[in-house]
Amino acid sequence: MAVVFALLFWLCLPFSEEIRKVLVILVFSPTASASPAWTGELHGDVGLAGTLGSVSICISIAVIMALLMV
């Protein structure tokens with residue numbers, strides 16, 4: 001989903017290249033900090049939600065670093 005939004009931001013927004021780069025990087029930022037809390041409210045597996053959140057943070061950091069190198 002982040003790739004789709006990044007492409008839309010990059011190709012469709014009428015902003016300067018610098019602003020579009022920042023928006024593309026922000027799309028890939030990790031947002032998993034609230035997932036265990038929401039999972040707990042829904043009586044789901046909080047441990048699994050926390051683990052997947054941690055994995056998504058690692059993936060997001062790797063993607064952001066790759067984008068910064070481009």
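The values are calculated or read from the model by the stated rules, or taken from the named source; none is laboratory data. Predicted model, so just to flag it, every value in this text is computed and none were measured. Note that we place each Cβ from the backbone using ideal geometry, even for glycine, and neighbour counts take in every protein chain shown. Ligands, DNA and RNA are excluded from the accessible area calculation, which covers all protein heavy atoms including side chains. Shrake-Rupley method; radii C 1.70, N 1.55, O 1.52, S 1.80 Å.
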Point to revise | Set of the stretch 27-70 residues, backbone N closer than 16 Å to the point 7 Å along the Cα-Cβ line of C12 | key: 27
Check your understanding: Rounded to a whole number, what % of the accessible area of the stretch 8-63 do carbon and sulfur atoms account for, probe 1.4 Å?
Key -> 72
Revision key, fill the gap. For F5, placing the label point 7 angstrom along Cα-to-beta-carbon and taking the stretch 19-33, residues whose amide nitrogen sits under 14 Å are 22-33
Study note, to complete from the structure: Summed over the other residues with a beta carbon less than 14 angstrom from that of L7, with K and R at +1 and D and E at -1, the charge totals +2
Practice item. May I ask you to give the solvent-accessible area per residue for the chain, in square angstrom, as obtained with a 1.4 angstrom probe? Key: 75
Practice item. Give me the distance in nm between label points sitting 7 Å out from Cα along the Cα-to-Cβ direction at V55 and M69, one decimal. Key: 2.3
Practice item. Find the Rg to Rh ratio for the chain, where Rh is the Kirkwood radius over alpha-carbon pairs and Rg uses the same atoms. Key: 1.11
Check your understanding: To the nearest 10 degrees, how steep is helix 2-12 against the longest Cα principal axis of the chain, on a 0 to 90 scale?
Key -> 20
